1. Any idea what the relative contact order of the range A:3-253 is, in percent, if you count C-alpha pairs under 8 Å spaced at least 6 apart?
2. Is the range A:3-253 rounded, prolate or oblate when judged by the Cα gyration tensor, a ≥ b ≥ c being the square roots of its eigenvalues, rounded requiring a/c under 1.5 and prolate requiring a/b larger than b/c?
3. Between A:VAL87, A:LEU118, A:LEU37, whose Cα lies farthest towards the positive end of the dipole of the protein assembly as shown when Lys and Arg beta carbons carry +1 and Asp and Glu beta carbons carry -1, centred on the Cα centre?
4. For B:PHE53, enumerate residues with amide H under 5 Å from its amide H, sequence gap 5+ or separate chain, H modeled in the peptide plane.
5. Using the count of nearby Cβ atoms within 10 Å as a rough guide to exposure, how do B:ILE28, A:ILE197 rank from fewest to most?
6. Taking amide hydrogens as modeled 1.01 Å from N in the peptide plane, which residues meet the under 5 Å criterion relative to B:LEU31, leaving out close sequence neighbours?
7. Going by the alpha-carbon gyration tensor, a ≥ b ≥ c the square roots of its eigenvalues, is the protein assembly as shown rounded (a/c under 1.5) or, if a/c is not under 1.5, prolate (a/b greater than b/c) versus oblate?
8. Step through the residues of the range B:22-27 one at a time and calculate ³J(HN,Hα) from phi using the Karplus curve (6.51 cos²θ - 1.76 cosθ + 1.60, θ = phi - 60°), rounding each to whole Hz and writing x for Gly and Pro.
Amino acid sequence: MSTDLFLIPFLTGLGLAILLPLLGCYLRLREEWLAALAYAHVAAAGALLALVGGLPPATGGITAAALAGAGKRLFANRLSGGAAYAVLLLCGWSVAVLLAANQSQAERLGHALFDGQLYFSSGEQLWLVALSVPVVLGMLRILSRHLLLAHTYPDFFRIRGLRAWPTQIGFDLLAALALALATMTLGVMGAFALVFIPPWLAFRRATNWRGGLLSALLIGLVAYLAAFAAALWFDQPFGPILAVVLVALGLVVA
Amino acid sequence: MLRAKALVAGWLQPTTAAIDFSLAAGEIVGLTGPNGVGKSTLLAAFAGRASVFSGHLELQPGLRLALQTQDVPPVDGLPLSGCDLLAMTGASPEGLPPWLAERVDWRLDKLSGGQRHYLALWAVLHAPADLVLLDEPTNNLDAAGVRHLTAHLHERAREGCGIVVVSHDAAFVAAACDRVVVMEVRDVD
């Protein structure tokens with residue numbers, strides 16, 4: 001096996017293993033962890049639609065997730081309590097499965113997206129991740145205090161005249177784009193597992209917000225490294241192995 | 001810094017009787033009255049959240065407001081410490097009572113209800129603000145907490161901050177406030 005062959009997938013996944021647990025902390029803060037699953041499914045559907053339409057799948061996935069993230073706010077009043085995410089998830093899943101069932105091209109990509117074939121990552125995906133991860137992390141750092149304040153003291157946040165849109169639509173968009181990028185690489189469930197489980201475990205024990213972020217990051221990285229090695233060793237698709245490792249870690253800690 | 005003339009406030013419809021109210025910098029004014037008279041609604045109107053149906057409300061331009069409501073900050077299950085909470089609003093832990101200062105690094109969901117309430121209140125009271133609006137701040141506080149709060153309201157007022165306090169606690173209002181405005185039930189006819 002050539003080391004170079006696996007270096008690109010390893011680095012691509014590593015960038016996402018840093019980003020997703022941190023993003024997941026803010027999604028969990030806002031009680032929007034279901035959003036990760038919704039955006040991942042919408043991104044998968046968008047990628048397949050783009051493929052069928054003769055466009056690059058990554059462009060379709062990212063565009064669909066971005067539209068879902070930004071458009072969700074338009075229906076926020078009518079689809080409260082997480083209903084918007086459930087609707088997005090079901091729409092994304094049904095479109096993706098129907099396309100995969102009826103188009104041979106889409107079937108192959110559909111399997112890759114749902115299996116999470118990290119080892120097929122290309123140099124373009126690595127570049128996209130390498131450019132996006134620092135930008136998204138930087139934006140999260142800027143938004144962090146307002147996200148915490150808007151959740152904990154919503155009235156205080158409003159009366160201080162702080163603009164809500166960067167915190168609300170800005171974060172939704174950021175989450176959607178990050179999840180789309182992750183879905184293209186780690187698969188739907190691999191991306192969701194990295195967003196959901198590390199913060200879930202970290203929030204149980206950390207004594208402060210910074211500690212929670214660091215713990216989630218550490219758990220995500222350990223699980224990613226273990227899953228990468230295990231999937232390679234046993235020649236298995238990466239997404240399910242990552243999910244199994246994270247679930248096992250979760251059960252041990254919980 | 002705040003002046004209201006014949007102000008009638010409410011959410012979807014008017015709920016308060018017309019009231020005249022004023023507050024100067026460095027003053028602490030208590031708002032009392034029976035349940036349902038609209039004390040919290042009036043406070044919300046001062047903060048620009050509830051609607052003004054008639055009368056006039058004037059706030060000094062550029063005023064920085066801080067509002068404490070009766071809602072409990074949703075922190076259960078979150079790794080948020082007292083320091084995190086204070087950092088969010090820009091409040092300093094300096095001056096916290098000893099029984100809370102030693103727990104300021106603890107997770108908020110590990111504190112008692114009273115300790116958590118006082119920290120949440122402190123984060124608003126000591127946020128950089130010119131006008132502080134407090135709704136039932138003595139809820140969940142024991143006698144030591146009420147004494148400490150009373151002393152710190154005076155200290156905050158000495159710094160030039162105007163404070164409006166809604167409270168049912170007559171002893172606290174008498175000890176903390178420079179002036180008390182008693183709200184009356186709105187005449188529905």
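Derivation of every value follows stated rules applied to the coordinates shown; laboratory data play no part. Here the structure is a predicted model, which is why all the values come from computation and not from measurement. Methodologically, a virtual Cβ is constructed for each residue, glycine included, from the backbone with ideal geometry; neighbour enumeration extends over all protein chains shown.
1. Relative CO of the range A:3-253 lands at 32 percent.
2. Details: a/c = 1.81, a/b = 1.23, b/c = 1.48.
Oblate, since a/c reaches 1.5 and b/c is not below a/b.
3. Most positive-ward Cα: A:LEU118.
4. It is B:VAL8, B:ALA9, B:GLY10, by chain and number.
5. Numbers: B:ILE28 23, A:ILE197 26.
Ascending number of Cβ neighbours within 10 Å: B:ILE28, A:ILE197.
6. HN-HN under 5 Å from B:LEU31: B:VAL165, B:VAL166, B:SER167, B:VAL181.
7. Values: a/c = 3.17, a/b = 2.07, b/c = 1.53.
Prolate, since a/c reaches 1.5 and a/b exceeds b/c.
8. Working through the residues one at a time gives 8, 9, 9, 4, x, 10 Hz.
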